[in-house]
Amino acid sequence: MQARGLIMSERRVTGLSTAVIADLVAELGPIWQARRNGELLDRPRRRAVGVGAKYKLVFVDRLLATLVHLRHGVTHDVLACWFQVDRSTITRAVGEIRPLLADRGCRIEGGLRLRALADVITYLGATGQTALMDATEIRVRRPSAHRGGRSRFISGKSRINAMKALVVTDQRGRPLFCGEVRAGSVADITQARDAGLVDLLAPSRSCRGSVCRRRPGRSRGLGES
């Protein structure tokens, strides 16, 4: 597919090398297929699994579409044009691949994987590193008129329709954690509380080192500095 070739040929599109993408396909592809087969077996069926219409978007394209969406906030409509499928196919693909990436976690030095926010806080405390936290917004299409909850997606900061995710990075900007996506109207501190960040940091507030401090004009720092 033309879109696949263009995305794979330019690292800036996904931020990942061809080798890393190949590793993701080899690692997550079988997991995705097993989950898909499990869903099919749970349904009342008259035909065997694998019989019938084939996917218009194979796993590698689903992965690439999700990576582009996460890195640049590209809308599902645009991705649908790139991959020559319906928008609903992209929406379904992103919904399937995001949990796989989240379960995989973030691999850091030494092969250690940080799969949850608690793992990140423990790692920062053990190594004495500082990290930065922010609620990253991605612009989304405005819900149709007369639809309930239409104003939920309006961000109080940017005044646009957006979804936001709690992101924690190290001092070099490398992601350590990306949390659940919430509607743009949710306050950053509310998102941090709901993710359990406040509770995770609470036992460390009495420590000698500063575990969580705010610097003027900068994002909140995590870890002893």
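The values are calculated or read from the model by the stated rules, or taken from the named source; none is laboratory data. This is a predicted model, so every value here is computed, not measured. Cβ sites come from the backbone with ideal geometry, for glycine too, and all protein chains shown count toward neighbours. These area figures cover heavy atoms from the full protein model, side chains too; ligands, DNA and RNA do not enter into them. Shrake-Rupley method; radii C 1.70, N 1.55, O 1.52, S 1.80 Å.
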Those residues that are under 20 Å from GLU180 (Cβ atoms) and assigned to a loop (DSSP other than H, G, I, E, B), I need them from segment 109-131; list them, please. ARG115, ALA116
Scanning segment 150-203 for residues that are free of Cβ contacts under 8 Å to residues at least 24 places away in the same chain, assigned to a strand (DSSP E or B) and among the acidic types (Asp, Glu) gives GLU180
Scanning segment 74-121 residue by residue, those touching a helix residue (DSSP H, G or I) at 6+ places or on another chain (Cβ under 7 Å), among the hydrophobic types (A, V, I, L, M, F, W, C) and more than 29 Å from ALA192 (Cα to Cα) turn out to be LEU79, ALA80, TRP82, PHE83
Is there a residue in segment 130-140 that is of a type in the set (S, T, N, Q), modelled with pLDDT of 85 or more and within 27 Å of LEU100 (Cα to Cα)? no
Go through segment 92-108 and report how many residues are open to solvent by less than 30 Å² (accessible area, probe 1.4 Å) and assigned to a helix (DSSP H, G or I). 4
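Just to be sure, is SER88 open to solvent by 50 Å² or more (accessible area, probe 1.4 Å) and assigned to a loop (DSSP other than H, G, I, E, B)?
Taking the combined requirement at face value, the residue does not satisfy it.
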With the checklist (1) within 19 Å of the chain's Cα centre (by Cα); (2) part of a helix (DSSP H, G or I) in hand, flag the one item ASP134 doesn't pass. (2)
Report yes if LEU112 is out of contact with any Leu (no Cβ under 6 Å at 6 or more places or on another chain) and either of a type in the set (S, T, N, Q) or in contact (Cβ under 8 Å) with a residue 40 or more places away in the chain (or both), otherwise no. no
Determine whether segment 187-202 contains at least one residue that is at pLDDT below 80, open to solvent by 80 Å² or more (accessible area, probe 1.4 Å) and among the small types (Gly, Ala, Ser). no
Given the criteria of a type in the set (Lys, Arg) and under 12 Å from the mean Cα position of the chain (by Cα), does ARG98 qualify? yes
Could you run through segment 110-129 and say how many residues are open to solvent by 60 Å² or more (accessible area, probe 1.4 Å), at pLDDT below 80 and within 21 Å of the chain's Cα centre (by Cα)? 0
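Could you look through segment 1-33, keep only residues that are part of a helix (DSSP H, G or I) and among the acidic types (Asp, Glu), and pick out the one that is most open to solvent (accessible area, probe 1.4 Å)?
Per the criteria, the residue is ASP23.
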Of the residues in segment 153-186, those that are of a type in the set (Lys, Arg) and surrounded by 12 or more Cβ atoms within 10 Å (Cβ to Cβ) come to LYS157, LYS164, ARG182
Any residue at all in segment 34-55 that is at pLDDT 85 or above and surrounded by 18 or more Cβ atoms within 10 Å (Cβ to Cβ)? no
